[in-house]
Structure formats: structure tokens, C-alpha cells
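Colleague: Below you'll find the structure I mean.
The values are calculated or read from the model by the stated rules, or taken from the named source; none is laboratory data. In this text, all values refer to a predicted model and were calculated from it rather than measured experimentally. With ideal geometry, Cβ positions are generated from the backbone for all residues, glycine too; neighbour counts draw on all protein chains shown.
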Amino acid sequence: MEAIINSWLNQLDLLLLMMSRVAGIFVLAPIFNFPGISTTVKIGFSFLLSLIVMLTLPTSSLFVPPTDLVSYVLILLQEIVIGLSIGFILQLVYAAILTAGQIIDLQLGFGIVNIMDPMWGTQVPMTGTFLQILALLLFVTYDGHLLLVKTLMDSFHMIPVGGTALTLAHSGQLADFMTRLVCSVLLTGVQLAMPIIGVILINDIAMGIVSRTVPQMNLFVVGVPVKILVGIAFLWIILPFYVEGLNRLYEISFSNVHDFLRLLSP
């Protein structure tokens, strides 16, 4: 046991590099980035996962950290950037969901109603919060947190610690890759909100026809409650399709992470 502990102490500098990537992922990754999870727990979990990964890797493939402080710090920052990038890519799903919620709330007349979001810690749309909580439940139900840990371990096989250097060529490819992902957030949000947008449009057309047919009816008094009821009822009807759509989004999200890792793999 003493020999094992001494071996770990001799590789403490390597363990710190691996922890920096794991901690970077946990800063932004879903579930693990909850403000309710204390920093001590995150650091301890990062240490435990890093230690497990280091023990599963072949001894011959372990990176030998440089003795130069400047080189070591540069590799440390590189690992943090890789971890933050993976967490950011996985977090884009929830940004698209919040965008869809904002669009739906504007259509239903809930644009001025915001509630506290447990993940972001800010005021967010009410429907967006509902869809986000649903997405988090699906993430845990379908073992998304375990897939996240598996993706984390795969990242050390695809991009070993210190196994790649972020060059100008990588910077250009990464900038293009991240730009396309961020731009897809708005498109995905609109696609998620499109069924409600279509139903509300049909409802507005119907209410306009009714107001022309029955001029005595106060459209503002009747139309707003009807729009809310129709929107909420249709949202409830299409909820199973949203579940399928969110599962597909998670698949795309993890696929984007692997594309990112392949982009940096040596």
C-alpha cells in the first residue's frame, strides 16, 4: 500500500493536469454544474475520476510532465480549455431549450413572466424552465451523466494529456467549429418552438375571423385566455414528441463532443 501511495505522489503533477480537464468539464457540464453542488464536492469528484482514469491508462502511455514551470503551466491551461470546451458543447442543448421557451412565452403572452433558473442562476422564461427541467430529468433517466463520464474517459484516450498542442491551425478550425455550433442554437430553438408558433398563428387567424363575424365580442378579453389555453393544451399534447426531440438533441450533442475531440486528436 505504501508503494502505491508513493507511486501516486510521484505522479501528482500528472494527476493535477488530468484534474484540470475534469474540473473544466464539471464547470459547465449539465447536472454537475448546479450551484447547489459545493466546490469541495466537485474538487473531490474531479480528483476521484482523474485517479480512476490514470489507473486505467497503460503505464507506458502516461505523459511525463515537463520540469519547466512555463511549459507545465501552458499544458495546464490547455487541459482547462479542453475541459471547458467539452462542457460548453454539452451545455448548448439547454441554451437552445431556453431559446425555444423564450419564443413560446412570447407567443403565449408570458413574455413578462420570468422565474429563477436553478442551473443558470438567472431569470429565465417560464416555459423554458419547464422544458429545461424536463430535459434534465431525461438526461438522468437515460443515463446521460454516465455517458458524460464515459465521454470524459474517452477524451483521455483520444487526446492524451499533453498529447496535442493548440496551434494557429487548430485555432482556426476550432473557431469555425464553435461558431457553427453556437449558430445552430437559435435554429434548434426555433425548430423546438415551431409547433407552438404554428398553433398560435392558426388560433390568431381563427380569432380574427370570429371578431369579424361577431363585432360585439371583446377580442382582447377573450383572445388572450383562449391563446394561453390553446398553447398550453397543445404543448401538453406534443410533449411525447418533445421527449423524442430532446433525446435526439442529446445524441447530437455527444456526437459534437466526439467531433471536437477528433478535431484536436494528434
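Colleague: Would you mention how many residues in segment 126-143 are at pLDDT below 80 and in contact with a Phe, Trp or Tyr (Cβ under 7 Å, 6 or more places away or on another chain)?
Modeller: Number satisfying all stated conditions: 2.
Colleague: Scanning for something among the aliphatic types (A, V, I, L, M), surrounded by 10 or more Cβ atoms within 10 Å (Cβ to Cβ), modelled with pLDDT of 80 or more and within 32 Å of the chain's Cα centre (by Cα), does segment 59-66 turn up at least one residue?
Modeller: no
Colleague: Of the numbered conditions (1) more than 15 Å from Leu92 (Cα to Cα); (2) in contact (Cβ under 8 Å) with a residue 60 or more places away in the chain, Phe177 fails exactly one; give the number of that condition.
Modeller: (1)
Colleague: Would you check if there is a residue in segment 80-94 being part of a helix (DSSP H, G or I), loosely packed, with under 15 Cβ neighbours inside 10 Å and not hydrophobic (A, V, I, L, M, F, W, C)?
Modeller: Looking for residues that are part of a helix (DSSP H, G or I), loosely packed, with under 15 Cβ neighbours inside 10 Å and not hydrophobic (A, V, I, L, M, F, W, C), one finds none in segment 80-94, hence no.
Colleague: Please pick out the residue among Ile205, Ile209, Ile196, Ile237 that is surrounded by 16 or more Cβ atoms within 10 Å (Cβ to Cβ), of a type in the set (A, V, I, L, M) and under 22 Å from Gly109 (Cα atoms).
Modeller: On inspection, the qualifying residue turns out to be Ile196.
Colleague: Anything in segment 178-226 that is at pLDDT below 85, of a type in the set (Ser, Thr, Tyr) and either closer than 23 Å to Phe241 by Cα or touching a helix residue (DSSP H, G or I) at 6+ places or on another chain (Cβ under 7 Å) (or both)? List them, or say none.
Modeller: Ser211
Colleague: Pull up segment 22-54, narrow it to residues that are among the polar types (S, T, N, Q) and closer than 20 Å to Gly144 by Cα, then point me to the one that is surrounded by the fewest Cβ atoms within 10 Å (Cβ to Cβ).
Modeller: Looking at residues that are among the polar types (S, T, N, Q) and closer than 20 Å to Gly144 by Cα, I get Asn33.
Colleague: Based on what the data block shows, is Asn256 surrounded by 13 or more Cβ atoms within 10 Å (Cβ to Cβ), more than 31 Å from the chain's Cα centre (by Cα) and at negative phi?
Modeller: no
Colleague: Which members of segment 171-226 meet the condition of being β-branched (Val, Ile, Thr), more than 19 Å from Leu239 (Cα to Cα) and in a helix (DSSP H, G or I)?
Modeller: Correct list: Thr179, Val182, Val185, Ile202, Ile205, Ile209, Val210, Thr213, Val221, Val222, Val224, Val226.
Colleague: Another question, if that's okay. Yes or no: Gly231 of a type in the set (Gly, Ala, Ser), touching a Leu at 6+ places or on another chain (Cβ under 6 Å) and at pLDDT 80 or above?
Modeller: Taking the combined requirement at face value, the residue satisfies it.
Colleague: Can you tell me which residues in segment 152-162 are assigned to a helix (DSSP H, G or I) and either basic (Lys, Arg) or buried (at least 19 other Cβ atoms within 10 Å of the Cβ) (or both)?
Modeller: Leu152, Ser155, Phe156
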